[in-house]
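A short worksheet on the structure shown next.
Laboratory data are not the source of any read-out in this text; all were calculated from the coordinates shown. Everything numeric here is computed off the predicted structure, so don't read it as measured data. In this analysis, Cβ positions are derived from the backbone assuming ideal geometry, glycine residues included, and neighbour counts consider all displayed protein chains.
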Amino acid sequence: MSQSPEPGTLLRFTAAERWTHRTLGILMGVLLITAAVLYLPGASAVIGNRPLMRNAHVISGFLLPIPIIVACFFWAFRQDLRRLNRFSPNDWKWLRSRRNRGGNTPVGKFNAGQKLNSAFVLGSIIVLLVTGLVMYFNRFFPDDLRTGATFVHDWLGLLVAIVTAGHIWMAYGDATARKGMRTGSVPVEWAEQEHGEWANEVRS
């Protein structure tokens, strides 16, 4: 059933989807914090114990793809992946609009900004994992490849930190969206205003 058991609400995310999001958030947080400690001299001096920070960074990096792989065994997550992978004319209209919120442009379960963010995050996880493997098993690769992998890993990591900060900022601007990710359900009124196409799809 797509309808939430609570009256006046719609089920937006299943338990599997919510736990996947939380696990990715925790792992990403550990990666960003440990990266800051490893690369910022001031933070490194305060925290100390670089070997522990390095091991935590490496382990979290290797674990990062696992929640996504596990979530792919759940139907609801695969359905959302299909939604995120489709860019419609309304998505382009949403991006061009100065007033892209409030129901001015028909929006499905995910708006264009969420689709672009998801694509960037998934692509970044793949690239960071590959470059991280080259850096970790460096003795198996030539110098130029190791240098290139380090350059890409460091600068992409900085870009991920910036995008993650923007994602958190946007999330804190919408308490209802945060509640939907926390509890799984959202009010019908919010769904109709922010994701009208999806609300109609669920109710039909």
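Structure notes:
- Computing Rg and Dmax of the Cα atoms in Å directly from the structure and comparing it against [x] 19.5, 61; [y] 16.6, 53; [z] 19.4, 66 singles out [x].
- Selection from PRO142, LEU156, GLY166 lying farthest towards where the dipole of the stretch 136-204 points positive, charges on Cβ: PRO142
- When all alpha carbon pairs of the stretch 113-171 are counted in 5 Å bins from zero, the resulting P(r) reads 4, 19, 25, 20, 13, 9, 6, 3, 1 %.
- Computed from Cα atoms, the angle from the helix 143-172 axis to the main principal axis of the chain rounds to 30 degrees.
- On Cα atoms only, tilt of 75-84 relative to the major axis of the chain in degrees: 90
- When TYR136, TYR172 are arranged by Cβ crowding within 10 Å, least crowded first, meaning fewest neighbours, the order is TYR172, TYR136.
- Sorting ASP80, ASP144, ASP174 from the fewest to the most surrounding beta carbons within 10 angstrom yields ASP144, ASP174, ASP80.
- Candidate cross-link partners of LYS93 among the lysines, defined by an alpha-carbon separation under 22 Å and a same-chain spacing of 8 or more, comprise LYS109, LYS115.
- For the chain, size of Cβ-based charge dipole, Lys and Arg +1, Asp and Glu -1, in debye: 100
- Taking the C-alpha atoms only, the angle from helix 50-63 to the longest principal axis of the chain is near 40 degrees.
- Whole-number percent relative contact order across the chain, with pairs defined as alpha carbons under 8 Å at least 6 apart: 31
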